[in-house]
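Sharing a structure with you now.
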């Protein structure tokens, strides 16, 4: 499981010109699910993400986590995080989980974040979405459950 985590002042997602999820200060999380991912991957990612100290203290140092600041999260499904571009010009998505299983794990990830006390908004799984990200810093970090 892989997440692109962006520290944001604001983020929202639209489907068919309608806002379906919006947050203020917090994290925009683009989440990709790989074949073979499990509950263990969800646990590792959630623990790492909510405790990442990427919010600044009064002296400008990365000292606070999402939990510390009471921040929000916008989670958007992103199967293209598992694109393979080694061969040819068209990406292959053979590593991405099948949609039904990916949606199940995506929903479990969202619920697990909520159990941490984070206010979570989402896009619509499988929909064509417009994601607006006001990246603050900018700060963008890739977190892969295989690497933690």
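The values are calculated or read from the model by the stated rules, or taken from the named source; none is laboratory data. Treat the numbers as computed from the prediction; the structure is a model and nothing was measured. Backbone-built Cβ (ideal geometry, glycine too); neighbour counts: all protein chains shown.
Among the residues that make up region 42-56, is at least one of them free of Cβ contacts under 8 Å to residues at least 60 places away in the same chain, touching a strand residue (DSSP E or B) at 6+ places or on another chain (Cβ under 7 Å) and closer than 17 Å to residue 124 by Cα?
The answer is no, given that none of the residues of region 42-56 is free of Cβ contacts under 8 Å to residues at least 60 places away in the same chain, touching a strand residue (DSSP E or B) at 6+ places or on another chain (Cβ under 7 Å) and closer than 17 Å to residue 124 by Cα.
Please indicate, with yes or no, whether at least one residue in region 51-64 is surrounded by fewer than 20 Cβ atoms within 10 Å (Cβ to Cβ), over 15 Å from residue 143 (Cβ atoms) and in contact with a helix residue (DSSP H, G or I) (Cβ under 8 Å, 6 or more places away or on another chain).
The answer is no, given that none of the residues of region 51-64 is surrounded by fewer than 20 Cβ atoms within 10 Å (Cβ to Cβ), over 15 Å from residue 143 (Cβ atoms) and in contact with a helix residue (DSSP H, G or I) (Cβ under 8 Å, 6 or more places away or on another chain).
Of everything in region 121-141 that's in contact with a helix residue (DSSP H, G or I) (Cβ under 8 Å, 6 or more places away or on another chain) and in a loop (DSSP other than H, G, I, E, B), which residue is surrounded by the most Cβ atoms within 10 Å (Cβ to Cβ)?
125
Still on this structure, please answer the following. Would you call residue 29 modelled with pLDDT of 95 or more, closer than 22 Å to residue 141 by Cβ and in a helix (DSSP H, G or I)?
So residue 29 fails the test.
Let me ask you something else. With respect to residue 72, determine if the residue is surrounded by 15 or more Cβ atoms within 10 Å (Cβ to Cβ), over 15 Å from residue 4 (Cβ atoms) and touching a strand residue (DSSP E or B) at 6+ places or on another chain (Cβ under 7 Å). Please lay out each step first, then the result.
Details: surrounded by 15 or more Cβ atoms within 10 Å (Cβ to Cβ): yes; over 15 Å from residue 4 (Cβ atoms): yes; touching a strand residue (DSSP E or B) at 6+ places or on another chain (Cβ under 7 Å): yes.
Spelling it out, residue 72 is indeed surrounded by 15 or more Cβ atoms within 10 Å (Cβ to Cβ), over 15 Å from residue 4 (Cβ atoms) and touching a strand residue (DSSP E or B) at 6+ places or on another chain (Cβ under 7 Å).
While we're on this one: If residue 114 passes every condition in (1) farther than 27 Å from residue 43 by Cβ; (2) in contact with a strand residue (DSSP E or B) (Cβ under 7 Å, 6 or more places away or on another chain) but one, which one does it miss?
So the condition that residue 114 fails would be (1).
Can you tell me which condition residue 25 does not meet? The list is (1) under 18 Å from residue 110 (Cβ atoms); (2) touching a helix residue (DSSP H, G or I) at 6+ places or on another chain (Cβ under 8 Å), and all the others hold.
The single condition residue 25 does not satisfy is (1).
Just checking, does region 81-99 include any residue being closer than 16 Å to residue 3 by Cα and under 13 Å from the mean Cα position of the chain (by Cα)?
yes
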